[in-house]
Amino acid sequence: MWNSRVKVKHCFSVDESLDGVRRDMAAVADALENSPAFHAFDKTPFRNIPEGDEVFKPLDYANKLLDRMYDYADRNRIWIE
């Protein structure tokens with residue numbers, strides 16, 4: 001059923017600080033870059049997490065990017081581990 005598998009869950013920590021979120025998302029980008037299944041997926045935003053503000057935090061931005069990643073994976077039948 002799935003065309004491929006990609007492991008990214010090991011990239012996450014519990015650090016919700018700006019530096020922690022940036023580090024985790026860069027690790028996700030690295031994992032995606034090593035997967036041929038994600039060759040057409042834009043990983044650049046994962047390396048450019050903004051500081052955010054009192055309404056939209058870095059973690060909120062990261063979660064939106066992860067939503068995009070999962071949507072891409074679903075469309076392309078990629079299992080995310």
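The H on the amide N of Ile49, modeled in the peptide plane, is under 5 Å from the matching H of no residue at least 5 residues off or on a different chain.
Taking the longest Cα principal axis of the chain as reference, the axis of helix 58-75 is set at about 10 degrees. The ranking of Glu16, Glu54 from fewest to most other beta carbons within 10 Å of each one's beta carbon is Glu54, Glu16. Note: relative contact order over the chain, using C-alpha pairs below 8 Å and six or more positions apart, is 43 percent.
A helix-only calculation puts the chain at -14000 deg cm²/dmol for mean residue ellipticity at 222 nm, using -39500 (n - 2.57) for each DSSP H run of at least four residues, averaged over all residues. Based on the convex hull around the alpha carbon atoms, the chain presents an average projected area of 5.1 nm².
Determine, from the Cβ-Cβ distance of Arg68 and Ser13 and an R0 of 22 Å, the FRET efficiency 1/(1 + (r/R0)^6), rounded to the nearest 0.05.
Details: r = 21 Å, r/R0 = 0.94.
That pair, Arg68 with Ser13, gives E of 0.60.
With K and R counted +1 and D and E -1, the other residues having a Cβ less than 15 Å from that of Ala26 yield a net charge of -2.
Along the stretch 31-36 the Karplus relation, 6.51 cos²θ - 1.76 cosθ + 1.60 evaluated at θ = phi - 60°, assigns HN-Hα couplings of 4, 5, 5, 7, 10, x Hz to successive residues, with x for each Gly and Pro. Can you give me the C-alpha center-to-center distance between the stretch 1-17 and the stretch 31-81, rounded to a whole angstrom? Going from one Cα centre to the other spans 10 Å.
Give me the dipole magnitude in Debye, nearest 20, for the chain about the Cα centre, with unit charges on the beta carbon: positive for Lys and Arg, negative for Asp and Glu.
Numbers: 12 positive and 15 negative charges, 96 e Å.
Magnitude of the dipole: close to 460 debye.
Laboratory data are not the source of any read-out in this text; all were calculated from the coordinates shown. Keep in mind the model is a prediction, meaning the values are calculated, not measured. Glycine also receives a Cβ, built like all others from the backbone with ideal geometry; neighbour counts cover every protein chain displayed.
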